[in-house]
Ligand code: NAP
């Protein structure tokens, strides 16, 4: 339980509602900032403006998955309030106060350094990334169905990268009956792809493995689907780029060649906000509990 722990939940989208539900269930004391237009009331949580929160008792600040923008603004879909997480506010918190965010940026990095607070990036954690790969794959399937006129079954799919997302994508498309080849650069990844019963190839030879491909799914956050690679693809190939912005595809060249290439960020929050929220909520609950135990609080 998190009885008595004062937590400020600042901004977010539908995923944050699962976090709030979970923290209330665990008996935390919540200040909700950026939720004034949310019809739903939560017992045990108070909706506040950011300047109304008593940060001197706040042990944890929960930000939405993207954190803040580069000016410190926190987005919310439940309010028109302009919310800025400033150094002044964070300095008012107790020294043990931890900030939780999905990812970070230069503003957040600077904020925690200058205030001496700890930042936890939930999406850097293997467990969160692996759980999150599940709704990501489901969103990818949705996009492939929407943007092709062939079945996934028996289609030729090239997956680039065998990380947490790539492995789940490759396995799921193969299970749907696609003919899956996977490009990687490490020899142990090549071995794993072979062990999975899929066709491995080295990314060095990418351009020679796309001449007959129906769908390319990129998970590598570096320029990998270059103009040279795209020039070898059939005109009907669909490229779905899952890698974080700006993706790893030369979109300009793809458009010029008439090849459909789509950057598809944030799929878990789009196709399964409830599950995506629960993934974050469960890990957060565990981390907050560990933090409380670590401070000897009951
Ligand atoms: P990951 O586990 O770190 O996997 C990344 C893969 O890219 C690894 O196989 C890595 O291979 C490879 N890679 C990285 N740099 C490379 C380079 N320069 N050349 C060749 N290969 C390279 O990451 P992940 O969790 O699978 O996530 C993949 C991407 O998807 C990230 O950008 C993440 O933000 C994004 N993502 C998007 C969504 C969405 O909704 N679109 C959802 C979740 C994640 P090595 O091991 O050889 O480095």
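Quick note: the coordinates plus some simple rules give every number you see, no bench work behind them. Every value quoted in this text rests on a predicted model; they were computed, and no experiment measured them. Don't worry about glycine lacking a Cβ; one is built from the backbone with ideal geometry, like all the others, and counts go over all protein chains shown.
Table for the structure above
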read-out: Nitroxide proxy distance, nm - points 7 Å out along Cα→Cβ at residue 123 and residue 282; value: 2.0 nm
read-out: On Cα atoms only, tilt of 126-147 relative to the major axis of the chain in degrees; value: 50 degrees
read-out: Viscosity 1.567 mPa s, 4 °C: Kirkwood-radius Stokes-Einstein D of the chain over Cα pairs, µm²/s; value: 62 µm²/s
read-out: Cβ crowding within 10 Å averaged over residues, with 232-243, 88-99 ranked highest first; value: 232-243, 88-99
read-out: Computed over the chain: relative contact order in percent, which uses C-alpha pairs under 8 Å that are six or more apart; value: 16 percent
read-out: Cα→Cβ-extended label distance, 7 Å offset, between residue 293 and residue 96, nm; value: 1.4 nm
read-out: Descending principal axes extents, the stretch 128-265, alpha-carbon based, whole Å; value: 36, 30, 29
read-out: Rel. contact order, % - alpha carbon contacts under 8 angstrom, at least six apart, the stretch 128-265; value: 20 percent
read-out: Ellipticity estimate at 222 nm from DSSP helix runs (n ≥ 4, -39,500 (n - 2.57)) divided over the chain, nearest 500; value: -11000 deg cm²/dmol
read-out: Nearest-ten-degree value, helix 106-115 long axis tilted from longest Cα axis of the chain; value: 30 degrees
read-out: Ranking of 39, 250 by count of other Cβ atoms within 10 Å, fewest first; value: 39, 250
